[in-house]
1. Can you tell me how much longer the chain between E224 and I112 gets when fully stretched, taken as 0.36 nm per residue apart minus their C-alpha distance, in nm with one decimal?
2. Considering only protein heavy atoms, what per residue accessible area in square angstrom results for the chain with a 1.4 angstrom probe?
3. Could you give the length gained by full extension between A39 and T202, i.e. 0.36 nm per residue of separation minus their alpha carbon distance, to one decimal place?
4. Expressed as a whole number of Å, what is the distance separating the alpha-carbon centroids of segment 137-158 and segment 194-208?
5. Which Cys residues of the chain have no other Cys Cβ less than 4.7 Å away and so no disulfide-compatible partner by this rule?
6. How long is the chain along each principal axis, judged by its Cα atoms, biggest number first, in Å?
7. Note down the relative contact order for the chain as a percent, whole number, built from C-alpha pairs under 8 angstrom at least six residues apart.
8. If you count, for each residue, the other Cβ atoms within 10 Å and average over each peptide, how do 116-129, 148-161, 47-60 line up from highest to lowest?
Amino acid sequence: MEHEMTTTSHPTGQFERSERTKLRRFPDRANYDRDEVYAVLDEALVCHMGYQVEDQPYVIPTLCVRVGDALYLHGSAASRSLRNMNAAPRVCVTATIIDGLVLARTAFNHSINYRSVVVFGEAESVTDPDEKLLALKQFTDAVVDERWSEVRAPTTQELKATEILKVELLEAVMKVRNAPPADEPEHFEDDTWAGVVPVGLTFYPPVPDPALPDHIQPSATLTEFIERERPHPFAGMRKR
């Protein structure tokens, strides 16, 4: 019987607000909609995980992938700091996507359009080999669609060398800026261009490994992934 990842079921479409997820600065930018939070986590290639071991805080970048109502984080079993997390499993995970450079008429009002998610929870080490293997498949396919089917699966030794952490998505908040510059009306007539420069992730033609034989070409799946047309960042920017 094929192993399946199991996560806690959360029927509500909203994350419950907590003291940790309540926004005090620009509260109108907060978003607790579970689907929209998940969309940011799904789009982000890298997240940052913050945790504390004894008196020392750490923040490390890592791959992340969402499966249902859980977030999986990728690491090395040789990492001293990750090995010590069992004694203090509480973590704060953040993911940020930059969508535009906001160029204002005044230096003070320059900003960035973004979508960010902060997750609070406890990290649990994934020890079940089948669940770990499925998590690695999700990581691989999250980087490039269907890549897992084109490569060799991890060996038993490689699985042992890989640390996978699982965080149930129970407490999270999304913060968004999607707007033009917030200049004061008295500056509207200034002789300075103002607006937003959209920012998006771009993929360039693949560069082959020098050891790759000439007759091996990128797969059709990889070519389609690179050439895929992607939405224009902040095409739906709200008006002032």
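The values are calculated or read from the model by the stated rules, or taken from the named source; none is laboratory data. Since this is a predicted model, take the numbers as computed values, not measurements. Every residue, glycine among them, receives a Cβ derived from its backbone with ideal geometry; neighbour counts consider all protein chains shown. With ligands, DNA and RNA removed, areas are computed over all heavy atoms of the protein, side chains included. Shrake-Rupley method; radii C 1.70, N 1.55, O 1.52, S 1.80 Å.
1. On the way: separation 112, 0.36 × 112 = 40.32 nm, distance 3.04 nm.
Length difference between fully extended and current span is 37.3 nm.
2. Ligands and nucleic acids excluded, the figure is 63 Å² per residue.
3. Between A39 and T202, full extension yields an extra 56.8 nm.
4. 25 Å
5. Cysteines lacking a close Cβ partner in the chain: C92.
6. Principal axes ranked by extent give 66, 52, 37 Å for the Cα atoms.
7. 24 percent
8. Ranking the peptides 116-129, 148-161, 47-60 by packing returns 116-129, 47-60, 148-161.
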